[in-house]
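A short write-up of the structure that comes next.
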Amino acid sequence: MSKELGMTIKKAENFSEWYLELVKKTDLADYACIDGFIVFKPYAYAIWENIQKIVDSRFKEMGIENAYFPLLIPEHLLEKEASHFEGFTPEVAWVTQVGQSKLGERLAIRPTSETIIYDSYSKWIRSWRDLPLRLNLWNSVLRWEFKHAKPFLRTREFLWNEGHTVFATQKEAEKECAEILEMYDSFCKEYLALPGIKGRKTDKEKFAGAIYTEAIEFIMPDGKVIQGPDVHFDGQNFAKAFDIKFKDKNEKEQFVYQNTWALTTRMIGIMIANHSDNKGLILPPNIAPTQIVIIPIIMAENKKTVLNEAKKVKNKLKKFRVKLDDREQYSPGFKFNEWELKGIPIRLEIGPRDIENKQITVVRRDTSEKINVKITDLNKEISKLIKDIHKNLYERAEKFSNEHTKTVKTYDELKKYVIGNRIKACWCGSRECENKVKEETTAKISCIPLVQDKIFSKCVKCEKEAKHVVIFAKSY
């Protein structure tokens with residue numbers, strides 16, 4: 001493979017440029033002709049389809065159904081929930097004209113779907129028998145505020161799931177919030193090999209319109225943090241704005257309690273950024289569109305024999321996602337480099353000598369280790385290898401995460417370590433201290449971890465009595 005096709009930028013030397021080169025050269029995405037938008041190429045979309053399939057199956061196991069609501073939201077609906085509308089005002093794109101005709105009311109291209117959905121919920125829900133109502137959407141949203149796109153991590157349009165659920169009681173709603181967050185966390189661990197911190201956002205950082213927001217926060221290779229899947233307990237805020245009421249078993253009218261929750265295509269960016277290296281992508285095998293690539297080592301005199309054996313091996317491994325690269329116009333060396341760049345977890349090399357010895361050369365993408373495996377043992381060894389690769393990627397990410405989490409007691413220590421790390425510190429709970437730290441260091445409170453350490457110092461900023469142990473960090 002020529003130098004032009006391979007990676008040229010080192011991850012440790014310039015993470016931002018390395019990441020952009022990674023996305024382009026591994027054929028995941030391309031920039032669209034509109035600023036801030038990207039094209040999901042088939043390889044990236046195949047990863048998203050796998051994410052979608054797994055998460056959607058978990059939703060269905062939980063009794064959640066899929067639906068679809070309109071892309072356009074009338075302005076009067078957005079204005080019904082003032083704090084929610086204010087939170088999204090800078091990001092909203094409006095449709096104001098059709099052909100030569102001006103519209104009588106502006107229509108927002110959905111930045112999120114609460115308002116259009118809850119207009120329907122107010123018509124559908126009448127009795128306690130209509131509850132709970134638990135719907136999910138797979139769609140795209142548009143948010144226009146920022147200037148510089150970074151594929152998957154920050155784009156004006158992105159794909160996600162949008163959960164919108166309704167309950168008769170606060171207890172039921174909050175129970176679901178905890179279950180959804182736990183499901184998202186286990187998915188990220190089991191499929192993306194990503195350890196995260198589950199935490200509650202401060203009131204300053206929570207979702208507009210929510211009573212509270214809880215999310216999974218991840219650290220990136222540059223030491224900044226980024227928010228992953230989240231859940232929002234919305235209480236009765238939207239119910240009162242949209243008049244979503246029901247008659248309980250005593251025929252008394254009550255407002256409902258609501259939740260919203262989401263996982264986005266941002267997770268593709270978080271995953272590839274954390275696991276990949278200077279050779280290209282490294283994909284966790286549980287989510288990779290192709291888990292195994294088979295490369296026959298062909299010469300004119302053995303072509304038929306080797307190809308037949310390669311096809312037999314592919315058929316033998318049919319419980320895995322396998323690709324046979326039998327392209328004759330490229331050399332085996334070119335193929336090795338190409339699939340290494342694209343992050344296929346396992347490479348199988350089959351040549352005349354392998355056939356003679358009744359074995360296969362197996363190469364791991366995560367460590368570049370080569371082993372010889374008997375053809376009769378292939379299924380068992382590949383199954384074991386997939387588990388080993390996933391475990392190794394998770395442990396590497398966890399080690400980096402731990403090494404770049406610094407516990408500090410003083411503001412000077414926070415300022416010293418905040419570049420390239422996330423900071424665990426004590427906080428008094430005041431918005432004033434939260435704002436001052438952000439103004440002076442550009443680090444915000446990423447989250448208040450749900451699993452709280454014991455208070456170990458005074459507030460890192462004002463030195464008054466602390467109420468929480470929190471994570472401060474620069475963020476995306």
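Read-outs: derived from the displayed coordinates by stated rules, not from any lab. Keep in mind that what you see is a predicted model, and the values were worked out from it rather than measured. All Cβ positions, even for glycine, are placed from backbone atoms using ideal geometry, and neighbour counts span all protein chains on display.
Summary value for the chain: 14 percent relative contact order, contacts being C-alpha pairs under 8 angstrom separated by 6+ residues. Under 5 Å from the amide H of residue 321 lie the amide H atoms of 291, 292, each residue being 5 or more positions distant or on a separate chain, with H modelled from the backbone and absent for Pro and chain starts.
Taking amide hydrogens as placed 1.01 Å from N in the peptide plane, the amide H of residue 235 sits under 5 Å from those of 211, 258, each at least 5 positions away in sequence or on another chain.
For the pair residue 318 and residue 407, a Förster radius of 51 Å applied to the C-beta separation gives a FRET efficiency near 0.55, rounded to the nearest 0.05.
Take every pair of alpha-carbon atoms less than 8 Å apart whose residues are at least six positions apart; their mean separation over the length of the stretch 289-367 yields a relative contact order of 41 percent.
In the stretch 103-193, the convex hull through the Cα atoms has an average projected area of 8.9 nm², a quarter of its surface area. Overall size of the stretch 332-374 from C-alpha positions, given as principal axis extents largest first: 30, 19, 11 Å.
Taken over the Cα atoms of the stretch 405-473, the convex hull encloses 72 Å³ per residue. Remark: relative contact order (the stretch 18-83) = 16 percent; criterion is Cα-Cα distance under 8 angstrom and separation of 6 or more residues.
So for the stretch 195-337, considering every pair of alpha-carbon atoms, how many percent are separated by more than 28 Å? Tail of P(r) above 28 Å: 53 percent of Cα pairs. When the alpha carbon coordinates of the stretch 15-275 are projected onto the principal axes, the ranges are 62, 51, 33 Å, largest first.
Considering just Cα atoms, how many Å³ per residue does the convex hull of the chain enclose?
Values: hull volume 85.5 nm³, N = 476.
Hull volume normalised by residue count: 180 Å³.
Geometric descriptor of the stretch 254-310, per residue, is 148 Å³ (volume of the convex hull of the Cα atoms). When the chain is described by a simple charge dipole with +1 on each Lys and Arg Cβ and -1 on each Asp and Glu Cβ, the residue from 402, 460, 31 located farthest towards its positive end is 402. Only helices enter this figure: runs of n ≥ 4 DSSP H residues, each worth -39500 (n - 2.57), summed and divided by the residues of the chain, yield -10500 deg cm²/dmol at 222 nm to the nearest 500.
For the pair residue 58 and residue 334 in one chain, pulling the backbone fully straight at 0.36 nm per residue adds 95.4 nm over the alpha carbon distance. Of all beta bridges that DSSP places with both ends in the stretch 403-476, some 75 percent have antiparallel geometry. Calculate the FRET efficiency for residue 376 and residue 41 from the Cβ-Cβ distance with a Förster distance of 45 Å, rounded to the nearest 0.05. Efficiency computed from Cβ-Cβ geometry: 0.70.
About the Cα centre of the stretch 292-385, how large is the charge dipole given +1 on each Lys and Arg Cβ and -1 on each Asp and Glu Cβ? Please answer in debye to the nearest 20. If you can, show how the numbers build up before the last one.
Numbers: 22 positive and 14 negative charges, 98 e Å.
Dipole about the Cα centre, nearest 20: 480 debye.
Shape annotation for the stretch 175-219: C-alpha extents along the principal axes are 31, 25, 12 Å, from largest to smallest. Inter-label distance, residue 431 to residue 368: 5.3 nm, where each label sits 7 Å from its Cα along the C-beta direction. Toward the positive end of the charge dipole of the chain, with +1 on the Cβ of Lys and Arg and -1 on the Cβ of Asp and Glu, the farthest Cα among 66, 382, 341 is that of 382. The Rg/Rh ratio of the stretch 287-374, with both radii computed over alpha carbons and Rh defined as the Kirkwood radius, is 0.93.
Efficiency by 1/(1 + (r/R0)^6): what FRET value for residue 358 and residue 31, r their Cβ-Cβ distance, R0 = 60 Å, to the nearest 0.05?
Working: r = 49 Å, r/R0 = 0.81.
E(calc), rounded to 0.05, equals 0.80.
Only Lys, Arg, Asp and Glu carry charge here, each on its Cβ (+1 for the first two, -1 for the last two); on that basis the chain has a dipole of about 1100 debye about its Cα centre.
Treating the stretch 129-277 as a set of equal point scatterers at the Cα positions, no solvent, please give the Debye-formula log₁₀ I(q)/I(0) at q = 0.15 Å⁻¹. Debye curve over Cα of the stretch 129-277, log10 I(q)/I(0) at q = 0.15 Å⁻¹: -0.82.
With q set to 0.16 Å⁻¹, the log10 of I(q)/I(0) for the stretch 293-439, from the Debye formula over equal scatterers at the Cα positions, is -0.85. Rounded to whole numbers, the Karplus 3J(HN,Hα) couplings from phi for the stretch 303-308 are 3, 5, 4, 5, 5, 4 Hz, using 6.51 cos²θ - 1.76 cosθ + 1.60 with θ = phi - 60°, and x at Gly and Pro. Placing unit charges on each Cβ (+1 for Lys and Arg, -1 for Asp and Glu) gives the chain a dipole about its Cα centre, and among 82, 242, 127 the Cα reaching farthest toward its positive end belongs to 127. Helix 431-441 and the longest principal axis of the C-alpha atoms of the chain enclose an angle of approximately 40°. About its Cα centre, the stretch 15-275 has a charge dipole of approximately 120 debye under the convention of +1 per Lys or Arg Cβ and -1 per Asp or Glu Cβ, with nothing else charged.
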